[in-house]
Amino acid sequence: MKTDERYPLRTTPLYFVLKRDVNLEGDGKVTRVAKEGDAIYVTVRDRAGKAEGSITLIFDAPSKELRAWRVVDWTRGRSRKSCWPKCNRA
């Protein structure tokens with residue numbers, strides 16, 4: 001039987017990028033920054049411990065535009081969302 005589980009957004013790593021005022025330095029704890037090829041990876045965890053898991057934001061190095069993100073949830077389940085090249089367009 002397939003079931004869906006729902007959690008408040010504040011308890012997920014997506015909270016960092018979906019909230020009105022994004023402040024990774026204040027709300028999150030940056031645990032990794034790496035440059036690989038033409039991509040910059042920034043991994044963030046919740047500083048307050050309210051959200052389990054982490055989110056890795058993947059930016060295009062030359063333009064600094066968001067390409068995609070990867071989420072690792074509290075069960076160590078992984079998901080990835082790519083929005084390149086439309087992430088930063090109005």
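Residues L18, L57, L24, ranked from the fewest to the most other C-beta atoms within 10 Å, line up as L18, L24, L57.
Only lysines eight or more places from K64 in sequence, or on another chain, were considered; those with a Cα closer than 30 Å are K19, K29, K35, K50, K81, K86. Listed values for the range 58-66 are Karplus-derived 3J(HN,Hα) couplings in whole Hz (6.51 cos²θ - 1.76 cosθ + 1.60, θ = phi - 60°), namely 10, 10, 6, 4, x, 9, 6, 8, 5, and x replaces Gly and Pro. When the alpha carbon gyration tensor of the range 9-80 is reduced to an equivalent ellipsoid, its three semi-axes come out at 20, 13, 11 angstrom, largest first.
Provide the gained length on full extension for the span E52 to V33, in nm with one decimal, where the gain is 0.36 nm per separating residue minus the Cα-Cα distance. Could you put the intermediate results ahead of the total?
Values: separation 19, 0.36 × 19 = 6.84 nm, distance 1.94 nm.
The span from E52 to V33 would gain 4.9 nm if fully extended.
Bear in mind these aren't lab numbers, they're just calculated from the coordinates by the rules spelled out. All figures in this text were calculated on a predicted structure; none of them were measured in a lab. Positions of Cβ are backbone-derived with ideal geometry, glycine not excepted, and every protein chain shown enters the neighbour counts.
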